[in-house]
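Each value in this text was obtained by applying a stated rule to the coordinates, not by laboratory testing. Keep in mind that this is a model prediction, so the values were computed, not measured. Here the Cβ positions follow ideal geometry from the backbone for every residue, glycine too, while neighbour counts run over all protein chains shown.
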Amino acid sequence: MGVQRIRVGELVDLPLRRGKLVCAGGEEIAVWRVDGNVYAISAVCAHQHVATLHEGLRNGTTIACPLHGWTYALENGRALVGSGILRTYPVIVERGIVYVQVDEGV
Ligand code: FES
């Protein structure tokens, strides 16, 4: 199975206080810009399986779900409050454009 790059947009246009929801091949991905880094994590909270994490509350590199507060590390998707591990995706920034890499055919 190959991979494909999904164009998220220009780095400078990514908001700093909230995430951006990107839908790629049926997956909902929350893209967060934190200082000089960009992270991509499944937007679907492990608690009730709804796509909320692009609207979560960010504290450093953690995101708290706005519904009941389950909290995840952006670096690896691990729950710090609640349980589970969300999928994370490689991010590529090239000439100021942000891409997320997803499996082809997803
Ligand atoms: S749905 Fe995210 S914490 Fe409940």
Quick check: Cα centre of segment 12-64 to Cα centre of segment 82-101, how many Å?
9 Å
GNM on the chain, C-alpha springs below 10 Å: top fluctuator among E28, E94, E75?
E94
When only alpha-carbon atoms are used, what values of Rg and Dmax, in angstrom, describe the chain?
12.8, 38
For the chain, with a Gaussian network of springs between Cα atoms less than 10 Å apart, report the residue from I63, I29, I92 with the top mean-square fluctuation.
I92
In nm, to one decimal, how far is the modelled label at R18 from the one at E94, with both set 7 Å along Cα→Cβ?
3.0 nm
Could you check which residue among R95, R58, R78 shows the biggest mean-square fluctuation in a GNM of the chain with a 10 Å Cα cutoff?
R95
With +1 at each Lys and Arg Cβ and -1 at each Asp and Glu Cβ, the charge dipole magnitude of the chain around its Cα centre, to the nearest 20 debye, comes out at 200 debye
